[in-house]
Amino acid sequence: MNIFRAILATLYYLVVFVGMIIIGTPYIIYKGYIRGHKEEITNVCQFYFSHVVFKLFHISIKIEGEENIPKGKKGFVIVANHQSFLDINVVWPAIGNAAFMAKASLWKAPVFGWVISSIGCIPVYKDSRKNAGMGKIVADRLAKGYNIAVFPEGHRTEDGHMLKFQNGIFRIAKEHRFDILPITLENTGKILPKVKWSIHGGEVRMIVHPLVKAEEYADKPMGELRDEMHDLIESAMPYKKEAQNGTPVT
């Protein structure tokens, strides 16, 4: 069974990569370079994951708080917890167009690096000096109509419990003032875990919290904004609800 799950996981990554080459590359050229709408390139990701990848691997998304998703609005930042490679995959069909911030090492991968650059993704370096000016890059993307997904934990959690949020995106928020959409992701780590090479079909639960507008946090210190976003997102996690109800936390 473990071998079977490992084979399925390998197939998942292959389907994603092959789709990126066969479908994504022509769409990037057409939508981004011919039509000049790079901010809309991830439309193809919405379609591909909803109608191909997730159907093949029996993955579904249950959205709670769907009314909080800004309809027709562009230029906001999605902030979410991080359990799995699957996280960004579910953001596209559930929320809509989004580039993302990710570790700079991903840009070294042949073809993949070109693809994520083309859709507006932003590399984050281990050396903080190389991240100078990132606030202006984020602000420029948002002004051009991109939405950006960020996972402030910086790393995928191994046990499902959220890690402390890093300061980066919240420092940028205080400087450049943009709306923030907090979302909680549940079960992505069980479906496509970090700790072992396997995949399971199942339902991802996504809780979309109300949009936090820039003026709502304008007077808050950066640390307070960071911790409020962390606690809000964590409040919808099962282990947090169990602790609040006095039941054992596993």
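So here's what we get for this one:
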item: Scan of the range 210-225 for residues that are over 23 Å from residue 69 (Cβ atoms) and part of a helix (DSSP H, G or I), ordered by number; result: 222, 223, 224
item: Matching entry among 149, 139 (being surrounded by 13 or more Cβ atoms within 10 Å (Cβ to Cβ), without any contact (Cβ under 8 Å) to a residue 40 or more places away in the chain, under 27 Å from residue 28 (Cα atoms) and not aromatic (Phe, Trp, Tyr)); result: 139
item: Residues (in a strand (DSSP E or B) and crowded, with 21+ Cβ neighbours inside 10 Å) located in the range 178-204; result: 180, 181, 182, 183, 184, 185, 204
item: Checklist (1) of a type in the set (D, E, K, R); (2) more than 30 Å from residue 22 (Cα to Cα); (3) buried (at least 19 other Cβ atoms within 10 Å of the Cβ) applied to residue 175, failing item; result: (3)
item: Yes/no for residue 10 being in a helix (DSSP H, G or I) and more than 20 Å from residue 54 (Cα to Cα); result: no
item: Residue match in the range 215-229 (condition: surrounded by fewer than 19 Cβ atoms within 10 Å (Cβ to Cβ) and touching a residue at least 60 places away in the same chain (Cβ under 8 Å)); result: yes
item: Residue match in the range 53-61 (condition: within 30 Å of residue 170 (Cα to Cα) and without any contact (Cβ under 8 Å) to a residue 24 or more places away in the chain); result: no
item: Residue list for the range 34-46, restricted to those being touching a residue at least 12 places away in the same chain (Cβ under 8 Å) and not in a loop (DSSP other than H, G, I, E, B); result: 38, 39, 40, 43, 44, 45, 46
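A quick yes/no check of all residues on (1) more than 16 Å from residue 115 (Cβ to Cβ); (2) at pLDDT below 95; (3) surrounded by 12 or more Cβ atoms within 10 Å (Cβ to Cβ):
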| position | (1), (2), (3) |
| --- | --- |
| 24 | no, yes, yes |
| 49 | no, no, yes |
| 53 | no, no, yes |
| 56 | yes, no, yes |
| 59 | yes, no, yes |
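The values are calculated or read from the model by the stated rules, or taken from the named source; none is laboratory data. The model shown is predicted, which means the values in this text are computed figures rather than measured ones. Note: ideal-geometry Cβ built from the backbone for every residue, glycine included; neighbour counts use all protein chains shown.
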